1. Please report, ordered by residue number, the helices (runs of 4 or more DSSP H) entirely within region 1-54 with at least 1 residues that are over 19 Å from LYS151 (Cα atoms).
2. Conditions first: (1) open to solvent by 20 Å² or more (accessible area, probe 1.4 Å); (2) over 19 Å from LEU12 (Cβ atoms). LEU107 passes all but one, so which condition is the exception?
3. Kindly check whether there is at least one residue in region 92-104 that is crowded, with 23+ Cβ neighbours inside 10 Å, hydroxyl-bearing (Ser, Thr, Tyr) and modelled with pLDDT of 95 or more.
4. Is it true that GLN36 is open to solvent by 50 Å² or more (accessible area, probe 1.4 Å) and in contact with a Leu (Cβ under 7 Å, 6 or more places away or on another chain)?
5. What strands (runs of 3 or more DSSP E), lying completely within region 66-152, carry at least 2 residues that are out of contact with any His (no Cβ under 7 Å at 6 or more places or on another chain), closer than 18 Å to ARG30 by Cβ and basic (Lys, Arg)?
6. Can we say LEU63 is crowded, with 19+ Cβ neighbours inside 10 Å, in a helix (DSSP H, G or I), touching a helix residue (DSSP H, G or I) at 6+ places or on another chain (Cβ under 9 Å) and in contact (Cβ under 8 Å) with a residue 60 or more places away in the chain?
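The values are calculated or read from the model by the stated rules, or taken from the named source; none is laboratory data. These numbers come from a predicted model, not from an experiment. Please note: Cβ atoms are built from the backbone with ideal geometry, for glycine as well, and neighbour counts cover all protein chains shown. We work out accessible area using only protein heavy atoms, side chains counted, and drop any ligands, DNA or RNA first. Shrake-Rupley method; radii C 1.70, N 1.55, O 1.52, S 1.80 Å.
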Amino acid sequence: NKIVSAFAAGGLEVISELRIEKTNPRRYARTRTLEQVKALIAKGVPAHHITVAGFSKGGLMALIVATQAKQPKLNIVNMAGCGKGQFRKAYENFLANDASKMSGRMLSIYDSKDKNSGSCKETGAKSAQLAFEEIVLEVGAGQDTFYTPRKA
């Protein structure tokens, strides 16, 4: 809530909701988030004014939305959502089946000490229709980096 409030305080319109535990990332991305993006575009919001941001599993969902939206100006922010270790399997599945279909502008952010997620560079390399940038934070808190608003 503090992060969403910080975005809103910065003048952004924020649509956010809590997912139920054990949400299927593909189903949720396609039936909830993608539909919200389509609704905004149908109401006249330009794609470059829309950012789909997600943390951890939500980051993977943001990637899935970027494969389905087919909006080359849609912004995607993936915070610690490209899994490694025990979470690598879902990310590998995405890389094998979906990454080449991505379009839009993607910013990947993760903490260098994160044991559950890491670089999304493989995603950036798979799609010619994706503008990709990555920032590695040196906060040292791993996934906890994203639980509190911080200047980093």
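1. Numbers: elements: 2-9, 25-28, 34-42.
The helices (runs of 4 or more DSSP H) meeting that bar are 25-28, 34-42.
2. (2)
3. no
4. The answer is no for GLN36.
5. Numbers: elements: 75-79, 104-111, 130-137.
So the answer is none; nothing clears 2.
6. On the way: crowded, with 19+ Cβ neighbours inside 10 Å: yes; in a helix (DSSP H, G or I): yes; touching a helix residue (DSSP H, G or I) at 6+ places or on another chain (Cβ under 9 Å): yes; in contact (Cβ under 8 Å) with a residue 60 or more places away in the chain: yes.
The answer is yes for LEU63.
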